[in-house]
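The values are calculated or read from the model by the stated rules, or taken from the named source; none is laboratory data. These figures come from a predicted structure and were not determined experimentally. Positions of Cβ are backbone-derived with ideal geometry, glycine not excepted, and every protein chain shown enters the neighbour counts. Note: accessible area is taken over every heavy atom of the protein model, side chains too, but ligands, DNA and RNA are not part of it. Shrake-Rupley method; radii C 1.70, N 1.55, O 1.52, S 1.80 Å.
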Amino acid sequence: MLAYLPRPPTDTSRYGTFPQKPDLPAAPGAPVEDGGQKAAAAAAKRGAAMPNYPSAPRHSGFVPGEPSLPPSRGSLSAQQHRGRPSWCPPPAPQEAAARFYPLHALSVANIPNSSRGRTSARSSTAPTPEGLQGRRCKLLEEDSPMAQAGRRQRQRYVTKVGKCQVNLGNIQDKKRFLSDIFTTIVDLKYRWFLFVFMMCYVVTWVVFGFIYFLDAWVRGDVWHQGDPEWQACIENVDGFVSALLLSVESQRTIGYGTRMVTANCAEGVILLIAQSIVGSMIDAMMVGCMFVKISRPKKRAQTLIFSKNCVISLRDEKLCLMFRVGDLRESHMVDAKIRAKLIKSRQTAEGEFIPLEQSELNLGYDTGEDRLFLVEPQIICHVINRRSPFWDMSAESLRREQFEIIIILEGIVEATGKCHVLAAGMTCQARTSYTEDEILWGYRFEPCMSLEKGAFQVDYSRFEMTFEVQTPAASAKELQELRELEQQEHSTLSLYWDQLVQPC
């Protein structure tokens with residue numbers, strides 16, 4: 001359950017277990033910033049929301065039309081060592097570490113972290129000479145967000161192939177499964193299903209064969225074989241094996257003509273009628289289960305593919321979370337619908353812990369964009385707005401979150417759902433999931449369609465390919481606030497200019 005709780009901040013320069021430099025108070029003789037310096041500081045603070053732009057932001061706060069720039073080695077190395085401070089902590093006594101950073105303020109409660117615990121133990125028990133400064137810098141580098149993302153392994157709620165990782169146990173009232181015997185038999189694995197299929201016939205043959213043999217033995221038909229004056233109830237039954245053959249011939253309507261039930265006894269006729277009815281019921285049930293078992297469209301989901309990663313970038317000046325879906329078959333899905341669930345644990349204001357809470361991600365339900373005509377690969381978009389759970393999530397806070405996005409694609413198999421048979425069509429469902437480590441901030445999917453020889457050609461080798469684009473690292477909430485601030489400043493300047501140009 002702790003796997004989906006928010007992680008503590010990974011800024012080791014602030015929350016680390018090593019002693020840090022204290023904030024020195026300003027000198028009493030330091031000059032006070034004037035109005036121009038304050039305005040410059042405010043402008044720099046507004047521009048800090050978009051650190052990956054090569055130039056100053058324009059009026060809208062971002063540059064959507066500029067081409068993407070490939071990342072350089074220096075930028076990659078800076079991103080990899082972003083969690084490492086620019087200076088290695090100098091050796092300091094343990095009293096200073098305890099004075100500036102108490103232990104109760106290092107991490108979020110109820111979230112064990114083995115690496116931090118070992119680091120704290122080392123720093124509290126071992127001395128800190130200057131010879132250990134390199135090892136301390138190495139520990140800080142290992143505690144960086146990139147290293148934690150590569151080292152973190154946790155249990156997924158749904159695997160990439162769509163299998164739910166939930167095991168049901170301690171079920172007391174198991175008779176409920178027998179009340180729905182048809183679904184229980186269909187849900188069995190193939191080896192158990194075939195075992196139940198064969199045993200239903202074998203058991204009925206053996207039971208009715210034993211009854212035939214018992215009737216023949218009680219009436220004395222077994223002891224009067226070959227006697228022309230004896231009126232037998234069941235002819236040519238001299239043992240259990242011959243009675244078993246009579247049972248198989250009667251239920252399967254084979255009728256070789258050597259063993260038969262005569263009209264000399266009423267119980268033989270009643271027994272034959274009962275076996276015929278029971279055999280018909282078993283045929284109807286087991287053949288129906290076999291047909292449903294082999295025709296279930298589970299394997300159809302193997303040809304519905306999803307991209308391995310989600311991307312977050314700007315689309316129509318809005319921050320969007322996107323992923324790609326595709327259908328490999330030429331027989332397409334009918335009435336395909338897609339939806340997404342966010343799985344994340346949280347704690348309420350009253351202290352209640354809700355494990356694996358499910359919330360809906362809007363993929364265009366209100367506009368009908370969640371209904372797909374899945375002929376070519378399509379990019380599904382979730383607009384991050386005020387109703388989105390990612391409204392206040394930035395590129396930096398994304399690395400500290402723990403959640404899982406479940407994607408569910410449903411549709412009717414075209415081979416079973418055409419025209420008037422649509423109501424009886426079989427529904428196919430494909431699932432996948434994305435964790436926070438599989439979301440790429442500032443990327444887009446490459447096009448995979450082209451026009452060749454009068455038809456559109458889909459290149460599935462480019463299905464997973466992405467490329468980097470210029471995207472603000474701030475959250476959608478901060479971008480909206482920045483736009484509102486710029487609009488307010490623009491309206492204020494316009495009003496001031498209108499007052500200036502008015503005649504006296």
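Among the residues that make up region 150-171, is at least one of them modelled with pLDDT under 90, surrounded by 11 or more Cβ atoms within 10 Å (Cβ to Cβ) and assigned to a helix (DSSP H, G or I)?
no
In region 360-397, how many residues are in contact with a Ser or Thr (Cβ under 7 Å, 6 or more places away or on another chain) and of a type in the set (S, T, Y)?
Result for region 360-397: 1.
Quick one: which of L245, L214, L188 is assigned to a helix (DSSP H, G or I), within 30 Å of F291 (Cα to Cα) and either out of contact with any Pro (no Cβ under 8 Å at 6 or more places or on another chain) or open to solvent by less than 70 Å² (accessible area, probe 1.4 Å) (or both)?
So the residue among L245, L214, L188 that is assigned to a helix (DSSP H, G or I), within 30 Å of F291 (Cα to Cα) and either out of contact with any Pro (no Cβ under 8 Å at 6 or more places or on another chain) or open to solvent by less than 70 Å² (accessible area, probe 1.4 Å) (or both) is L245.
Can you name the condition, by its number, that T432 falls short on among (1) in a strand (DSSP E or B); (2) farther than 28 Å from I408 by Cα; (3) in contact (Cβ under 8 Å) with a residue 60 or more places away in the chain?
(2)
Quick check, is D437 under 24 Å from K163 (Cα atoms), open to solvent by 20 Å² or more (accessible area, probe 1.4 Å) and at pLDDT 90 or above?
Answer is yes for this residue.
Please go through region 248-274 and give me each residue that is open to solvent by 50 Å² or more (accessible area, probe 1.4 Å) and either polar (S, T, N, Q) or assigned to a strand (DSSP E or B) (or both), ordered by number.
Answer for region 248-274, where residues must be open to solvent by 50 Å² or more (accessible area, probe 1.4 Å) and either polar (S, T, N, Q) or assigned to a strand (DSSP E or B) (or both): T253, T258, M260, N264.
Determine which member of the set S280, S345, S331 is touching a helix residue (DSSP H, G or I) at 6+ places or on another chain (Cβ under 7 Å) and loosely packed, with under 15 Cβ neighbours inside 10 Å.
One residue alone meets the criteria, S331.
Can you confirm whether region 295-304 contains a residue that is at pLDDT below 90, surrounded by 16 or more Cβ atoms within 10 Å (Cβ to Cβ), within 15 Å of V413 (Cα to Cα) and out of contact with any Leu (no Cβ under 9 Å at 6 or more places or on another chain)?
yes
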